[in-house]
1. Please give me the summed charge of the neighbours of Pro99: other residues whose Cβ is under 9 Å from its Cβ, Lys and Arg +1, Asp and Glu -1.
2. Determine, for each peptide in 88-101, 162-175, the mean count of other beta carbons within 10 angstrom over its residues, then list the peptides with the highest first.
3. Please work out how much length the chain gains when fully extended from Val112 to Val159, using 0.36 nm per residue of separation minus the C-alpha to C-alpha distance, in nm with one decimal.
4. Determine the alpha carbon to alpha carbon distance for each of Lys54/Lys135; Lys139/Lys164; Lys84/Lys135; Lys121/Lys164; Lys135/Lys172; Lys84/Lys150 and list only those over 19 Å.
5. Please give me the summed charge of the neighbours of Arg163: other residues whose Cβ is under 13 Å from its Cβ, Lys and Arg +1, Asp and Glu -1.
6. When the chain is fully extended, how far beyond the present Cα-Cα distance does Lys139 get from Glu72, taking 0.36 nm per residue of separation?
7. With a 10 Å radius around each residue's Cβ, average the other Cβ atoms per peptide and rank 216-225, 146-155, highest first.
8. Under the 0.36 nm per residue contour assumption, what length would be gained going from the current alpha-carbon distance of Glu212 and Phe151 to full extension?
Amino acid sequence: MDFGITSKLSEYYLANLYQKSKAAGTANVTNFLSAISAKAAESTKGITFEEMWKSRYPGAYYHVMDAFGINEGIWGRNDFPYEKFFEDNVDESVLDWKPNGAEPADDDRSVVARRNSTLGKKAVVVPPELEEKMKNDPKLAESVMATVEKFISEQDASVPGVRKSFLIALDKDGNIAHYRIIGEGQITHSTSGSVEQEKRDKKRKEWEQIAEENAIKRKLQQQEADKRYYQSSIVKEAVSATYEANSFFAK
């Protein structure tokens with residue numbers, strides 16, 4: 001039995017079932033698992049993306065606004081007020097934030113202070129249109145949750161043992177449009193743009209490298225063929241010259 005988020009069985013419902021089982025005097029493992037098996041489908045039927053998110057990451061923040069439309073150059077700046085998303089309420093004025101002056105350096109005291117204030121926290125920003133879609137399509141909500149969870153898991157695994165914060169802004173289709181990762185004792189890792197676009201760019205670079213390698217390979221093969229042809233021509237000329245010389249002396 002899979003109790004992960006991909007089965008849409010949240011900790012909230014597990015706890016709820018356990019309490020009911022305990023109250024009925026059936027708190028032993030066998031009866032508890034039996035209760036879960038019998039009620040899982042019914043209990044998880046109405047789980048929203050927000051519930052999945054907060055169940056998977058207790059204490060995480062959830063906001064509904066069109067943050068995916070924030071300019072990429074703005075999103076990645078050190079002075080962009082990203083820390084506001086790690087609060088219960090976010091003023092939508094953050095969506096129209098504009099810089100005032102030069103961008104501060106990574107080691108600027110204010111940048112470091114803001115970075116440290118978010119460590120260990122997680123926040124996701126969902127467009128209203130996507131939230132409505134997911135309410136009407138549980139499978140979409142599950143798919144988006146799986147995408148977000150996979151992304152966080154991969155980023156955690158890439159630099160293990162480092163406390164991080166994650167800020168993720170989804171687009172209207174449930175793709176990761178912007179994200180910001182902040183690591184403990186490290187310079188802020190901020191990236192903007194679609195993760196899917198990054199994958200396409202990576203694949204494009206791989207194809208370009210393959211094409212370049214194939215071009216070099218073809219050039220080397222052509223050079224080798226030219227070399228063999230040249231050598232063959234020299235041999236033919238030498239044989240021909242020897243034949244003619246022998247024919248001359250034979251006369």
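Readers should treat all values here as calculations from the given coordinates under stated rules, not as data from a laboratory. Here the structure is a predicted model, which is why all the values come from computation and not from measurement. Reconstructed Cβ throughout: ideal geometry from the backbone, glycine too, with neighbour counts over all protein chains shown.
1. Working: positive: Arg77, Lys98; negative: Asp79, Glu103.
Around Pro99, the charge tally is 0.
2. Working: 88-101: 10.9, 162-175: 19.4.
Taking the mean over residues of other Cβ atoms within 10 Å, the ranking is 162-175, 88-101.
3. Values: separation 47, 0.36 × 47 = 16.92 nm, distance 1.96 nm.
Between Val112 and Val159, full extension yields an extra 15.0 nm.
4. Working: Lys54/Lys135 16 Å; Lys139/Lys164 29 Å; Lys84/Lys135 26 Å; Lys121/Lys164 7 Å; Lys135/Lys172 13 Å; Lys84/Lys150 24 Å.
In this structure, Lys139/Lys164; Lys84/Lys135; Lys84/Lys150 lie more than 19 Å apart at Cα.
5. Details: positive: Arg115, Lys121, Lys122, Lys164; negative: Asp156, Glu184.
Counting the neighbours of Arg163, the net charge comes to +2.
6. Working: separation 67, 0.36 × 67 = 24.12 nm, distance 2.96 nm.
Full extension from Lys139 to Glu72 adds 21.2 nm.
7. In decreasing order of mean packing, 216-225, 146-155 become 146-155, 216-225.
8. Numbers: separation 61, 0.36 × 61 = 21.96 nm, distance 3.09 nm.
The Glu212-Phe151 span can extend by a further 18.9 nm.
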